[in-house]
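Only one structure is covered here, and it is reproduced in the block below.
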Amino acid sequence: MRTSRRISLLRRVSVLALAIGCLTGCGGEQGDLAVAGKVTLDGAPVPQGTIVLSSGGAAATGAIENGRFQIAAEKGLAPGTYHVRIVAYELTGKQVPDNEFPDRTIPERRQIIPERYNDQSELQVNVAADTASSLEFALESK
């Protein structure tokens, strides 16, 4: 008798959880925006890199390819102001020890984006429905 009550209770809780999930929806929150734009360094498109937009606990990242980036709505952001961090590396042509496997070497790379745009970035952007697809970051190395 107790077992059938537990099973019945478990079924009710499962149905309730499923109903709540359907009512609240799946995927991104309503209002999330796809974000896209371009990134240049000294007037030239950044060849490859990553852009991170964050605000409090919310963050979204996008790959930069040939100066362009996009973040899909599923990973997108609600309208608001975001802190921007941009990173991009180039290979130096040298080999350096691998920190994970000291008996191996890996290609050395160096950050080409000044710290004021990445680790110490003060860049901010306001993401709004009318500007989310036209963000531009014109970075300068000096």
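Taken together, the values in this text are just the output of simple stated rules run on the coordinates, not laboratory data. Quick caveat, the model's predicted, so the values are computed rather than measured. Don't worry about glycine lacking a Cβ; one is built from the backbone with ideal geometry, like all the others, and counts go over all protein chains shown.
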Between T105 and D42, what FRET efficiency comes out of the Förster formula 1/(1 + (r/R0)^6) with R0 = 41 Å and r the beta carbon distance, rounded to 0.05? 0.85
Give me V84, V39 ranked fewest to most by other Cβ atoms within 10 Å of their Cβ, as a rough exposure proxy. V84, V39
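With 10 angstrom as the radius, rank V46, V125, V96 by how many other C-beta atoms surround their C-beta, starting from the fewest. Mind showing how you got there, number by number?
On the way: V46 25, V125 20, V96 11.
Listed from fewest to most nearby Cβ atoms, that is V96, V125, V46.
For Y117, Y89, what's the fewest-to-most ordering of other Cβ within 10 Å of each Cβ?
In increasing order of surrounding Cβ atoms, one gets Y89, Y117.
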For A59, the net charge from surrounding residues (Cβ-Cβ under 11 Å; K, R +1; D, E -1) works out to +2
Gyration tensor over alpha-carbon atoms, the stretch 30-139, equivalent ellipsoid semi-axes in Å: 29, 15, 12
The set of residues whose placed amide H lies less than 5 Å from the amide H of A34, leaving out same-chain residues fewer than 5 positions away, is A73
